[in-house]
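The values are calculated or read from the model by the stated rules, or taken from the named source; none is laboratory data. Predicted model only: the values in this text are computed from it and were never measured. Please note: Cβ atoms are built from the backbone with ideal geometry, for glycine as well, and neighbour counts cover all protein chains shown.
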Amino acid sequence: MKNSTAAQMNQVSIEAFNEISADKRRSFTFDNGKEFSAHQQLAKELGVQCYFANPYHSWERGLNEHNNGLIRQFFQKGTNFKIVKQQQVDEVVELINHRPRKSLDYRTPHEVFWEQSGDVALQI
């Protein structure tokens, strides 16, 4: 995102999630950052429910925290994302989404999501 405003958050999210069929967009769980203050518009535009985790309850966003840990394998804490190229981020996302997971019977998140959706896979 260019900045952390609610308008920018909604614009980026809507662009990204409009590429996914509506039946696969169900909910978002946010922390309490100001960039999520326009969540009603996001919910209406994407047809999703929005939830907020309680402050200091990171376990309420467990999958998000797990994915943050995976991302940290590539970008250490304190990384200045203003100088990280989008291509680098895209490559990391591709690697993480194509990494087999024990919890998915050693399938990848990409396989599981697109197998269940019946849609044509998105390519980064």
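Looking at the range 50-92, which of its residues are surrounded by 12 or more Cβ atoms within 10 Å (Cβ to Cβ) and not in a helix (DSSP H, G or I)? The answer is Cys50, Tyr51, Phe52, Ala53, Phe74, Phe75, Thr79, Val84. Flag: Ile96 does not match the condition of being at pLDDT below 95 and either in a helix (DSSP H, G or I) or out of contact with any Phe, Trp or Tyr (no Cβ under 8 Å at 6 or more places or on another chain) (or both).
Among the residues of the range 6-22, not a single one is more than 27 Å from Trp114 (Cβ to Cβ) and β-branched (Val, Ile, Thr).
No other residue among Glu45, Glu15, Glu35 is more than 25 Å from Ser103 (Cβ to Cβ) and either in contact (Cβ under 8 Å) with a residue 40 or more places away in the chain or under 13 Å from the mean Cα position of the chain (by Cα) (or both) apart from Glu15. Taking the range 99-115 as the range and being within 18 Å of the chain's Cα centre (by Cα) and either at pLDDT below 90 or within 23 Å of Glu19 (Cα to Cα) (or both) as the test, the residues that pass are Arg99, Thr108, Pro109, His110, Glu111, Val112, Phe113, Trp114. Return yes or no: is Ile20 touching a residue at least 60 places away in the same chain (Cβ under 8 Å), of a type in the set (Val, Ile, Thr), out of contact with any Lys or Arg (no Cβ under 9 Å at 6 or more places or on another chain) and at negative phi? It is true that Ile20 is touching a residue at least 60 places away in the same chain (Cβ under 8 Å), of a type in the set (Val, Ile, Thr), out of contact with any Lys or Arg (no Cβ under 9 Å at 6 or more places or on another chain) and at negative phi. Just one of (1) at pLDDT 90 or above; (2) of a type in the set (S, T, N, Q); (3) in contact with a Phe, Trp or Tyr (Cβ under 7 Å, 6 or more places away or on another chain) trips up Asn32, so point out which. That leaves (1) as the condition not met.
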